[in-house]
């Protein structure tokens, strides 16, 4: 793992653990249980993206090699310096968009055919453009950029072109995700008053008009709405006591009003981060990262595993070994795409969902799942593992 990637990974885990920091980013301290009043999830952090520290998105999206001997990995992107990260796959699985620093220190948005190597640069701004999200019809890309000083959301045509600014306040807004009809975006915002990462929705057609729906980080809108007009949004949220580790939550949205926040996956000795929906809305993939006290001395964690659970949290199945590192999964038609720094450079990889299901790694030293999230066993793996996306 490269030194730069290791620093980025360490910063990600500091965020994922949501521990208060002492003096500067990266020096975490153990804390006592907070008082009964709500404790800001992210208020103690100095790792919030700013114009002076534009590498936050890269720090939040770094991983290491899918180890040797695993045959169902395919390399998707081919940066030999800098790195590729923040992948988003088109609905038909034919191409992906991603952020990259392969050509310069600041990040731009690129497009590439799945299975190809030619890349098309879609943005060319001295600032950082990251976290691209393709609209369901494939016509638009929403992304986050610090080109205005703070991090804001922008929308541009999928083939590149003029970007329209959607948010424009001093707070940092990140990680846009489209509603199934392409009319709205959900995103996370660092609340200036609350000191927490908040969840908001907005319409790209009505810039500046936003609605608060709760607290959390890295939201994803479920691609399949319910028959009664309800929607689901998955996100990660930190505990407000104990080790403050992130777990995976789902919230219901109807007529713009949020309800029923439900924790579907939590670990006793690890953080669960970067949740993402399967195309049919029946499953959720995420990354499990061990507690910092299990990291090798002087480096980032030795492992970060990809998992899949049913949308209700049942039947968890680990897809990658606990001896490897893989982060930020996103679904394609053939499987899960994720970021790894095999050879010391961040690139995008894919794990074949069908093969991963057939060789599901259950009962092999995975995370210690909390009550209510039953661990799969070798005998039930095939029955509980989600079907590969069609």
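Return the residues of the range 142-161 that are more than 17 Å from the chain's Cα centre (by Cα), in a strand (DSSP E or B) and farther than 16 Å from residue 219 by Cα; say none if nothing qualifies. 154, 155, 156, 157 - these are the residues of the range 142-161 that are more than 17 Å from the chain's Cα centre (by Cα), in a strand (DSSP E or B) and farther than 16 Å from residue 219 by Cα. One residue stands out in the range 117-134 among those that are surrounded by fewer than 13 Cβ atoms within 10 Å (Cβ to Cβ) and in contact with a strand residue (DSSP E or B) (Cβ under 9 Å, 6 or more places away or on another chain): the one that is nearest to residue 172 (Cα to Cα), namely 124. Scanning the range 77-98 for residues that are over 21 Å from residue 335 (Cβ atoms) and outside any loop (DSSP other than H, G, I, E, B) returns a single hit, 83.
A short reminder: the numbers here are calculations on the coordinates, not readings from a lab. Keep in mind it's a predicted model, so treat the numbers as computed, not measured. Positions of Cβ are generated from backbone atoms using ideal geometry, with glycine treated the same way; all protein chains shown enter the neighbour counts.
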